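Data first, discussion second: the structure below is written as structure tokens.
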Amino acid sequence: MESKPTNIDKNNLVNFTLFLADSSLIMGHRLSEWTGHGPMLEQDIAITNLALDLIGQARNFYQYAAELITNQKDKKITEDDLAYLRDAHEFKNLLITELPNGDWAKTIGKVFFFSTWQFYFYQKLIYSSDKQLAAIAEKSLKEVTYHVKWSSDWVIRLGDGTEESKKRMEKAIEDLWPYTGEMFVPADFEIDLENSVSINVSVIKSDWMEKVKSVFQEATLSLPTETWMQSGGKNGVHTEHLGFILAEMQFMQRAYPGLEW
Amino acid sequence: MDEPKELEKFDDKIEQEIRIEPKDWMPDDYRKMLIRQISQHAHSEIVGMLPEANWITRAPSLRRKATLLAKVQDEAGHGLYLYCAAETLNISREEMVDQLLSSRAKYSSIFNYPTLSWADMGTIGWLVDGAAIMNQVPLCRASYGPYARAMTRICKEESFHQRQGYEILLTLCRGSKEQKAMAQDSLNRWWWPSLMMFGPNDDASPHTAQSMKWKIKRFSNDELRQKFVDVCKEQADILGITIPDPNLKWNEERGHYDFGEINWDEFWNVIKGNGPCNKERLQARIEAHENGAWVREAALAHAEKKKVLVNY
């Protein structure tokens, strides 16, 4: 079995679709690490729901990407080939998704920043000239709307809860903030598809910032000051964490190549 | 009404298969037995999430990953409604959780065994959920209403899980040599612990008689275990893997399979805390609880602040 199904591909549509797929998968994978370990039973169930939604979204995007690649290459590629047989530098997920869960505040911060970005992104993507992507965005938007609500409620609860929870939420925001910049800096494949298949990412930045501000205000939290923003995820340059995620996630497919499970 | 009259009325209801509901009078021992059994069952669901959660991040395909996540989430849901059912008997969830974390309450010993390969996700579904269903289907008719209703819902989901587990093994057994070996190895490790899930032999089971009299339990441990062996032998044959028991053979006269003696020494030792994962499982629950303490406090503090605001 070929181990690098996307290397051959210069197709921006494929890369764009993989970027969306990878971001959802890695975020969902990280959240699934909470299953069985949540701070209370109800929230264990809630965060597992989020993980399930995100993995579901990822599957929709991967299946579409697989179809595109299969048509191009005239060789059958599956969703699992894309998730399990690409190496770290081929993954295009946002860096924030691969960061470790940390404590509940850090996880909530990750979900809040990421879901709010997803929300505005999908809200525009439903008008994509690519009907398949538009349909996936529309289906996902319902789920993401809930993720934003759920995580906003938690940011507010923790920010305006106890002294300890506030401290932890502030620390989480400080740690995560540098990873929010790359959401609004388009990769080459996005620029090429802008305003047709893809959206104009700079447009949603102000919406995202407004939402963050309003939730922070209710949570009695302040916005971090200007800081250096990390980037690289969309172009396959990741943190050290992704390699370990993949080592774990891809273990079975790598150890027993080419089998049905 | 005085107590003897109440007791007579209670016995009457049990006799006539009329459900006992939370507000009805019930003997103290009946209440205690139910709390013990329902909370133990709830704890088993929660601790039981751990061995399977162990494979979520390593599931071999996206479909399997999603299904496993959903399954473990169902278990959390079962724990939740069982805790609620027990709460109708005047015990709080905090009290029950405290009993679990301080080792005063038990959970099913099966979850003290490790999940060492992907095939274990199949075997747990097939055998562990299978044994649980065998135990639980009769509980849908248990005399205590909230318990019986919770069990009805749980059994529906459990039988779905069991089919999923069996299907994982079917895929492995129809796959490569390595996959089939993985399935056989898993069966070797889980077979005997699964038989232990039915509890001690009838003559060593102290609660069975009273429980059956009160129509909480409907069949004895040994009856259910026999039924389980009979069903599993045929299912193993379809998979083409071998149950690790040289004494397993059809007994024409009894109309059942005979099977070997369970290692009761191992059984009692795992119950005592000496199983391969007892310490880890409990530690995982303690850590989740302790790491979550500040989160629960914050949620409470925030809710209090909101209440004050509303009152203004």
For this session: Could you pull the Cα extents of region B:33-154 along its three principal axes, largest to smallest, in whole Å?
Result: 44, 31, 21
For this session: Considering Cα pairs under 8 angstrom that are at least six residues apart, work out the relative contact order of region A:17-154 and quote it in whole percent.
Result: 26
For this session: May I ask you to derive the relative contact order of chain A, considering only C-alpha pairs under 8 Å and at least 6 residues apart, and to give it as an integer percent?
Result: 25
Problem set entry | Positive dipole terminus of region B:6-140, leading residue within B:Ile124, B:Thr57, B:Gln99 (C-beta point charges) | B:Thr57
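For the protein assembly as shown, compute Rh as the Kirkwood radius over C-alpha pairs and then the Stokes-Einstein diffusion coefficient at 37 °C and 0.692 mPa s; write the answer in µm²/s, rounded to an integer.
Details: Rh = 26.1 Å.
Translational D for this selection: 126 µm²/s.
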Problem set entry | Relative contact order [Cα under 8 Å, 6+ residues apart], chain B, whole percent | 18
Problem set entry | Peptide ranges A:133-144, B:75-86 listed from the most packed, as the mean C-beta count within 10 angstrom indicates | B:75-86, A:133-144
Seminar exercise, completed: Ranking B:Ile243, B:Cys155, B:Gln179 by how far each Cα lies towards the positive end of the charge dipole of region B:144-250 (+1 on Lys and Arg Cβ, -1 on Asp and Glu Cβ), the top one is B:Cys155
For this session: Would you please name the chymotrypsin sites (Phe, Trp or Tyr not before Pro) within region A:206-245 that are DSSP coil residues with at most 16 other C-beta atoms within 10 Å of their C-beta?
Result: A:Trp228
Exercise. Taking only Cα atoms, what is the 0 to 90° angle, nearest 10, from helix A:41-73's long axis to the longest principal axis of chain A?
Worked result: 30
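Can you give the longest stretch of chain B with no exposed loop site, where a site means trypsin sites (Lys or Arg not before Pro) in a DSSP loop (not H, G, I, E or B) with at most 11 other C-beta atoms within 10 Å?
Details: sites that count: B:Lys23, B:Arg104, B:Arg254.
Between the exposed loop sites, the longest stretch runs B:105-253.
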For this session: Please identify every one of the GluC sites (Glu not before Pro) in region B:217-268 that sits in a loop by DSSP and has no more than 11 other beta carbons within 10 Å of its own beta carbon.
Result: B:Glu252, B:Glu253, B:Glu261
Problem set entry | Student exercise, region A:117-194 dipole from Lys, Arg, Asp, Glu Cβ charges, in Debye to nearest 20 | 420
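Once the Cα gyration tensor of region B:18-105 is found, what semi-axes does its equivalent ellipsoid get, as square roots of 5 times the eigenvalues, in whole Å, sorted largest first?
32, 14, 8
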Exercise. Taking a quarter of the surface of the Cα convex hull of chain B, what do you get in nm²?
Worked result: 20.5
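Coordinate-derived values only; no laboratory data. Every value quoted in this text rests on a predicted model; they were computed, and no experiment measured them. Virtual Cβ from ideal backbone geometry, glycine too; neighbours counted across all protein chains shown.
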